[in-house]
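Read through the structure below, which is laid out as structure tokens, and then see the notes.
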Amino acid sequence: MSTTPRLWTFRSSPFAGKARAAFAEKGVAVELVEIHPTKRPARLKELNPVNRVPVLELPDEEVAIRESLIICEWLEDTHPNPPLWPADPAQRGWARGWARLIDDTVIADFFLGMRKLAFGKDPEDPDDVVERLHGRVARHWPRMETALALHEGPWLCGEQFTFADLAALPAAVRLPEWAPQLQPDAEAAPLTTAWLEALRARPSAAAIDEAGAERLSA
Ligand SMILES: N[C@@H](CCC(=O)N[C@@H](CS)C(=O)NCC(=O)O)C(=O)O
């Protein structure tokens, strides 16, 4: 029986991509279980009742861990170095809040729009749902710019790279490839532009394109 944790994932998923990159940042080995996004194996729902990736199966444990940010917390608890949350409680709380906000805004609007483009709209969606979702992305950049100005970069918490930055890594990699028109304007948002570029330059960015060797589908 393998002692390596197994991460359920698919290559284009931003939340699974973030978890893959978190393992790379920590230098922790992980087996990727690649699923087909529209033909999910029944086992996924047993591990995560809402049938989403990522979910982490741990050897010798009867529980699995769902939610990308919680998988990051498990990594921090079990592999404290390098630390990916600030040591100071106030800074840590601020960084956790930003990690959540990036998930709920930049990632949700950009990738949900891409998913509807690739796999089709839901019956209840308005005709212009993709334009609406993608139209919201531009509204998030001024907020990022203000947050990045607080510690004078290069990262949200200054010199320390944290999970808050990592939350944006999937968007940093996919925006130029998939929707360059949604990128921030370099003059209006120079800090955000430099931050996205710095994210793409991290070695862990390669994990965004990683797909599991083991492929499961329904
Ligand atoms: N908040 C969750 C979001 C997970 C999520 O939405 N995963 C997507 C792939 S990126 C998914 O599996 N969606 C399937 C669905 O919504 O049915 C996390 O951070 O892990």
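The values are calculated or read from the model by the stated rules, or taken from the named source; none is laboratory data. Small disclaimer: the values here were computed from a predicted structure and weren't measured. Cβ atoms come from the backbone with ideal geometry, glycine included; neighbour counts cover every protein chain shown.
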Specify which of the listed residues (171, 206, 164, 213) is crowded, with 18+ Cβ neighbours inside 10 Å, small (Gly, Ala, Ser), touching a residue at least 60 places away in the same chain (Cβ under 8 Å) and closer than 24 Å to residue 33 by Cα. 171
Checked segment 130-178 for anything in a loop (DSSP other than H, G, I, E, B), of a type outside the set (Val, Ile, Thr) and touching a helix residue (DSSP H, G or I) at 6+ places or on another chain (Cβ under 7 Å); matches are 153, 154, 156, 167, 168
Across segment 4-55, the tally of residues that are closer than 18 Å to residue 112 by Cβ, surrounded by fewer than 21 Cβ atoms within 10 Å (Cβ to Cβ) and among the β-branched types (Val, Ile, Thr) stands at 2
Pairs, please: C-beta under 6 Å, at least 6 apart or cross-chain, first residue touching a residue at least 24 places away in the same chain (Cβ under 8 Å) and more than 20 Å from residue 103 (Cβ to Cβ) and in segment 39-62, second hydroxyl-bearing (Ser, Thr, Tyr) and more than 11 Å from the ligand (Cβ to nearest atom)? 39/217; 59/3
Out of all the residues in segment 111-128, is one or more over 20 Å from residue 26 (Cβ atoms), away from the ligand (no atom under 16 Å from the Cβ), surrounded by 15 or more Cβ atoms within 10 Å (Cβ to Cβ) and modelled with pLDDT of 95 or more? no
Only one of 50, 28, 33 that is of a type outside the set (Phe, Trp, Tyr), away from the ligand (no atom under 16 Å from the Cβ) and either in a strand (DSSP E or B) or over 15 Å from the mean Cα position of the chain (by Cα) (or both): 28
Looking at segment 5-25, which of the residues that are more than 11 Å from the ligand (Cβ to nearest atom) and under 11 Å from the mean Cα position of the chain (by Cα) is nearest to residue 73 (Cα to Cα)? 22
From (1) over 21 Å from residue 11 (Cβ atoms); (2) in a helix (DSSP H, G or I), pick out the condition that doesn't hold for residue 186. (2)
Here are some conditions: (1) crowded, with 18+ Cβ neighbours inside 10 Å; (2) within 18 Å of the chain's Cα centre (by Cα). Residue 105 meets all but one. Which one does it not meet? (1)
Members of segment 56-76 that are hydrophobic (A, V, I, L, M, F, W, C), assigned to a loop (DSSP other than H, G, I, E, B) and either within 14 Å of the ligand (Cβ to nearest atom) or crowded, with 17+ Cβ neighbours inside 10 Å (or both): none
